[in-house]
Amino acid sequence: MKCITVLYLAKGNEQFDFEFYRKRHIPLIEDILGKSLYGLEVRRGQPGLDGSPPTHIAVISIWIADWPAYERAMAVRAQELIDEIPLFTKVMPIIQTDEVFYPSAGS
């Protein structure tokens, strides 16, 4: 299994629209990825114990169960996701793809 992590920096990105992301962008991701999607998690950055601001305002984990199906879907529809980014944030994300080599017991 692979996991795509999408990181949105907090600095300069105070206007990240979580409601738009939840109501419109997540359903778009789910529609595009279909059965290749294993799971999706959106986390909102929180201040540190010392009150320092979070490094990332949002961190999204997208677990992919079927990588070839994911690649086929993204080859056709990735631009839809990219085009929507300015509608909920001013900052382009950092994207990292990882191979999950140790899933938790709940996975």
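Coordinate-derived values only; no laboratory data. Computed from a predicted structure; not experimentally measured. Every residue, glycine as well, gets a Cβ built from its backbone with ideal geometry; the counts of neighbours run over all protein chains shown.
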Original post:
Rounded if a/c is under 1.5, else prolate if a/b beats b/c, else oblate: with a ≥ b ≥ c from the C-alpha gyration tensor eigenvalues square-rooted, which is region 1-46?
Top reply: oblate
**OP:** Using amide H atoms built 1.01 Å from N in the peptide plane, name the residues 5+ places from His56, or on other chains, whose amide H lies under 5 Å from its own.
**Re:** Ala10
**OP:** Would you mind checking the tilt of helix 67-84 against the longest principal axis of the Cα atoms of the chain, expressed as 0 to 90 degrees and rounded to 10?
**Re:** 40 degrees
**OP:** Mind checking which aspartates and glutamates have their Cα closer than 18 Å to the Cα of Lys90? Skip sequence neighbours fewer than 8 apart in that chain.
**Re:** Glu14, Asp17, Glu19, Glu80
Original post:
Using a cut-off of 17 Å between alpha-carbon atoms, which lysines can reach Lys35, once sequence neighbours fewer than 8 places away in the same chain are excluded?
Top reply: Lys2
**OP:** Report the trypsin sites (Lys or Arg not before Pro) located in region 1-73 that are in a DSSP loop and have at most 11 other Cβ atoms inside 10 Å of their Cβ, or state none.
**Re:** Lys11
Subject >> Percentage of interatomic Cα-Cα distances in the chain larger than 19 Å >> reply: 47 percent
